[in-house]
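A.B. asks: A single structure is presented below for examination.
The values are calculated or read from the model by the stated rules, or taken from the named source; none is laboratory data. From a predicted model like this one, the values you see are computed outputs, not experimental measurements. Virtual Cβ from ideal backbone geometry, glycine too; neighbours counted across all protein chains shown.
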Amino acid sequence: MNRRVLLVASKTGYQVREFYGAAERLGLDLALATDRCHVLEDPWGDRASPLRFDAEAAELEQSIAELGSRGPFDGIVAVGDQPAYVAAACAEQLGLRFHPSHAARAATDKYQTRERFRAAGMNVPQYRSIGPGGGGEAPGFPCVLKPLNLSGSRGVIRADTPDEFSAAEARIRRMVGPNANLLAEEFIPGREFALEGLVTDGILQTLAIFDKPDPLDGPFFEETLYTTPSREPREIQCAIKGAVQHAVTALGLTFGPVHAEMRVNPRGVWVLEAAPRPIGGLCSRVLRFEGGLALEDVLLRQALGENVSTLNLAPGAHGVMMIPIPARGICYGVDGLERAREIADVEGVEITAKQGQLFEPLPEGASYLGFLFARAPEIQAVEAALRRAHDCLHFHVSPALPVSR
């Protein structure tokens, strides 16, 4: 029989099809568990088992027990922050290797992450929890307010004055509800980077360090360009790797993927998060390894206990642009696709926006219009190709009418 891997993902996750492709290449059976409706019979046509990501412990335990009947499983992987915690709980109950659930919980809670980083002696800004009552004080200005559990920069807002602080808090609470706790922390100046890695027995293996060439200074923090290999000198890259290893240890992550974000300034490396999951969206396509392996191939092989420590990225430079949403509205078409695809060094143009779909920019938004991919011998050519391709695209977006209440 083929080896079987359990994939825990959102029912709308971009990466599910990438994992199915990788499983087919590796000759594996992939069993899917998502937050789909548990009442309807296979509503998405993907044979996914239902798992409520926000379920109480007893309900989750029962759902995992029912999921176990689809096994036995030889490994487990997850896509997304909430799925990563659920996957950790599944792993513990089903006897599979993954990050511990307590570590996954801490890593996906921004306040707990700060607490563990501070206790471990890492660089952390001044921060404080803002309770449901509101009216909390800023730790200083400029500062950043953020929800504790959202990802992809959703709900993250910079405030430079008390009035901006109050407005940002009110705006975030409209997103997450009036009773949610928020995190307020000093704004960390500097350049931002990301690290994609694997953890085995608590030891970090760096797969790639991404530069983020566009400044991310607020008031919102929309990510656009990721390019690798990094243009930073070796000592900066070593410092980034060391800081992420420190973060992995502080959180207690032990086995599986890690996607870390950090800022670097003259005072050192400041890890913003170390999430127990791979890079999101379709961004994983930018990573190609020697032998033609995709990131999903690597993750599945690690989940099965194979040694992937000798894998290296394919030669050359790689980059992805997450196409930003310029304004709130309904997308009804895009021009310039062929011109964008004809740009030298552009490898792919993937438009994920659907005609008639309502889009929200950050801080409320939770998606992108699509993804651009480029490869070239030099990193400068990759960045230039992505920017030229983006300039070719014109999205037709009509303003959305306000909803009356």
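A.B. asks: Among the residues of segment 140-175, count how many are of a type outside the set (D, E, K, R) and buried (at least 17 other Cβ atoms within 10 Å of the Cβ).
C.D. replies: Within segment 140-175, residues that are of a type outside the set (D, E, K, R) and buried (at least 17 other Cβ atoms within 10 Å of the Cβ) number 18.
A.B. asks: Hey, any hits in segment 393-401 for a residue that's free of Cβ contacts under 8 Å to residues at least 12 places away in the same chain and out of contact with any His (no Cβ under 6 Å at 6 or more places or on another chain)?
C.D. replies: Within segment 393-401 (the criterion being free of Cβ contacts under 8 Å to residues at least 12 places away in the same chain and out of contact with any His (no Cβ under 6 Å at 6 or more places or on another chain)), the answer is yes, since at least one residue qualifies.
A.B. asks: Here is a follow-up. Would you mind telling me which numbered condition in (1) part of a helix (DSSP H, G or I); (2) within 20 Å of Y368 (Cα to Cα); (3) touching a residue at least 12 places away in the same chain (Cβ under 8 Å) G348 fails?
C.D. replies: If we test G348 against (1) part of a helix (DSSP H, G or I); (2) within 20 Å of Y368 (Cα to Cα); (3) touching a residue at least 12 places away in the same chain (Cβ under 8 Å), just (1) comes out false.
A.B. asks: Continuing with the same structure: Need a quick list: helices (runs of 4 or more DSSP H) entirely within segment 1-116 having at least 1 residues that are at pLDDT below 95.
C.D. replies: 16-26, 57-67, 81-94
A.B. asks: Still on this model: Looking at (1) surrounded by fewer than 20 Cβ atoms within 10 Å (Cβ to Cβ); (2) farther than 30 Å from I325 by Cα, which is the one condition that is false for V244?
C.D. replies: Result: V244 fails condition (1) only.
A.B. asks: Out of everything in segment 282-305 that is among the small types (G, A, S) and buried (at least 20 other Cβ atoms within 10 Å of the Cβ), what residue ends up being modelled with the lowest pLDDT?
C.D. replies: Looking at the filtered set, the residue picked out is S284.
A.B. asks: Are any of the residues in segment 177-194 closer than 30 Å to A303 by Cα, surrounded by 19 or more Cβ atoms within 10 Å (Cβ to Cβ) and either among the charged types (D, E, K, R) or free of Cβ contacts under 8 Å to residues at least 12 places away in the same chain (or both)?
C.D. replies: Scanning segment 177-194, I find at least one residue that is closer than 30 Å to A303 by Cα, surrounded by 19 or more Cβ atoms within 10 Å (Cβ to Cβ) and either among the charged types (D, E, K, R) or free of Cβ contacts under 8 Å to residues at least 12 places away in the same chain (or both), so the answer is yes.
A.B. asks: Right, here's the next one. Quick one: E273 ticks every box in (1) surrounded by 19 or more Cβ atoms within 10 Å (Cβ to Cβ); (2) farther than 30 Å from E186 by Cα bar one, so which box is it?
C.D. replies: (2)
A.B. asks: Kindly indicate whether any position in segment 280-292 is farther than 30 Å from R3 by Cβ and of a type in the set (F, W, Y).
C.D. replies: No, every residue in segment 280-292 fails to be farther than 30 Å from R3 by Cβ and of a type in the set (F, W, Y).
A.B. asks: Sticking with this structure for a sec: Within segment 344-356, identify whether any single residue is buried (at least 19 other Cβ atoms within 10 Å of the Cβ) and either in the same structural domain as R17 (by TED's automatic domain parsing) or closer than 30 Å to P147 by Cα (or both), and answer yes or no.
C.D. replies: Scanning segment 344-356, I find at least one residue that is buried (at least 19 other Cβ atoms within 10 Å of the Cβ) and either in the same structural domain as R17 (by TED's automatic domain parsing) or closer than 30 Å to P147 by Cα (or both), so the answer is yes.
A.B. asks: Ok, one more. For segment 146-242, which strands (runs of 3 or more DSSP E) that fit wholly inside it have 3 or more residues that are over 15 Å from the mean Cα position of the chain (by Cα) and aliphatic (A, V, I, L, M)?
C.D. replies: 182-186, 203-211
A.B. asks: Which of the residues belonging to segment 354-376 are more than 22 Å from S284 (Cβ to Cβ) and either out of contact with any Cys (no Cβ under 9 Å at 6 or more places or on another chain) or modelled with pLDDT of 95 or more (or both)?
C.D. replies: E360, P361, P363, E364 - these are the residues of segment 354-376 that are more than 22 Å from S284 (Cβ to Cβ) and either out of contact with any Cys (no Cβ under 9 Å at 6 or more places or on another chain) or modelled with pLDDT of 95 or more (or both).
A.B. asks: May I ask you to verify whether G256 is modelled with pLDDT under 95, under 18 Å from V199 (Cα atoms), under 16 Å from the mean Cα position of the chain (by Cα) and not assigned by TED's automatic domain parsing to the domain that holds S101?
C.D. replies: no
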